[in-house]
Amino acid sequence: MRRTLRAVAAAGLLAASTFVATASPAHADVTICDQYGSTTIQGRYVVQNNRWGTSAQQCINVTSSGFQLTTQQGSAPTNGAPVSYPSVFLGCHYTNCSPGSTLPMQVSRIRNATSSINYRYAGGTYNASYDIWLDPTPKTNGVNQMEIMIWFNRQGSIQPIGSAVGTTTIGGRSWQVWRGSNGSNNVISYVAPSPINSWSFSVLDFINDVRARGAITSSWYLTSIQAGFEPWNGGVGLAVDNFSASVSG
């Protein structure tokens with residue numbers, strides 16, 4: 001999630017936040033508590049605290065391959081937006097671009113887009129959310145027009161933006177598909193029927209499904225690939241133990 005309100009209940013859509021992210025000169029294996037503090041890992045990815053929806057303290061411990069949520073004191077009603085989106089990403093997020101990234105890249109030019117993720121779950125009300133962001137322009141700042149959300153896990157009485165529009169099979173897995181808008185960007189969400197702890201998959205498969213639904217065209221740009229958590233309450237102990245992503249054209 002960027003600093004936009006994304007995963008809200010169908011009855012509770014809110015406006016986007018106007019905060020701008022900044023990168024802090026931290027290093028791997030450190031604790032980040034700054035609201036939008038971030039660091040790079042493996043010389044390739046950015047890890048961000050991204051506490052956009054609450055003034056309560058949140059901290060993450062950044063490792064060489066991911067991060068763990070160590071403090072999360074915020075709380076939000078489940079019919080509204082989450083409090084944050086601590087995450088790791090490849091690409092550009094509010095002018096914070098990962099080192100050496102090939103993104104943004106036009107969809108028509110993408111030959112391969114693959115990723116691997118290992119999640120570790122804990123108590124609380126949250127989703128494990130994998131985000132794919134696209135825009136009609138090679139945008140590196142602000143809100144993109146299309147957000148693809150992949151919910152690897154959902155705990156508590158939360159639901160994606162919009163309404164359920166059916167099911168589909170992608171990557172050999174079944175997904176419930178939701179579609180809607182948060183007022184700032186369109187969102188298509190793919191919700192796993194049961195928690196997925198780890199998976200290696202083609203990001204391009206989800207992009208192609210969204211394109212087949214008429215939500216984007218091949219002239220749009222992939223701007224970032226992000227993986228993390230959206231907590232509403234609790235979540236201490238949640239972790240991305242390993243993350244990798246690669247896009248080639």
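Applying 0.36 nm per residue to the separation of Ser194 and Ser246 and subtracting their alpha-carbon distance, the gain on full extension is 16.1 nm.
Take the solvent-accessible surface of the protein heavy atoms, probe 1.4 Å, and return the percent of it on the chain that carbon and sulfur atoms account for. Mind showing how you got there, number by number?
Numbers: 4100 of 8940 Å².
It is 46 percent, rounded to a whole number.
The residue among Gly66, Ile207, Thr31 whose Cα reaches farthest toward the positive pole of the charge dipole of the chain, with charges on the beta-carbon of Lys, Arg, Asp and Glu, is Ile207. May I ask for the net charge around Thr217, where only other residues with Cβ less than 15 Å from the Cβ of Thr217 are counted and Lys, Arg are +1 while Asp, Glu are -1? Once positives and negatives cancel, what remains is +1. Where in region 184-222 does the label zone of Arg173 land, with the point 7 angstrom along Cα→C-beta and an amide N cut-off under 14 Å? Answer for this model: 189-207. Taking a quarter of the surface of the Cα convex hull of region 204-249 gives a mean projected area of 5.0 nm².
For region 125-249, the share of DSSP beta bridges that are antiparallel, to the nearest 5, is 85%. Counting heavy atoms of the protein chains alone, Asp241 has an accessible area of about 50 Å² for a 1.4 Å probe.
3J(HN,Hα) couplings calculated from phi for region 103-115 with the Karplus curve 6.51 cos²θ - 1.76 cosθ + 1.60 (θ = phi - 60°) are, in sequence order, 8, x, 9, 5, 4, 4, 8, 6, 9, 9, 9, 10, 7 Hz; Gly and Pro show x. Dividing the summed -39500 (n - 2.57) terms of all DSSP H runs of n ≥ 4 by the residue count of the chain sets its mean residue ellipticity at 222 nm at -1000 deg cm²/dmol. For the chain, the gyration tensor built on C-alpha atoms gives a rounded shape. Its axis ratio a/c (a ≥ b ≥ c) stays under 1.5.
The values are calculated or read from the model by the stated rules, or taken from the named source; none is laboratory data. Note that this is a predicted model, so its numbers are computed, not measured. Don't worry about glycine lacking a Cβ; one is built from the backbone with ideal geometry, like all the others, and counts go over all protein chains shown. Protein only, heavy atoms only, side chains kept; ligands, DNA and RNA dropped before computing areas. Shrake-Rupley method; radii C 1.70, N 1.55, O 1.52, S 1.80 Å.
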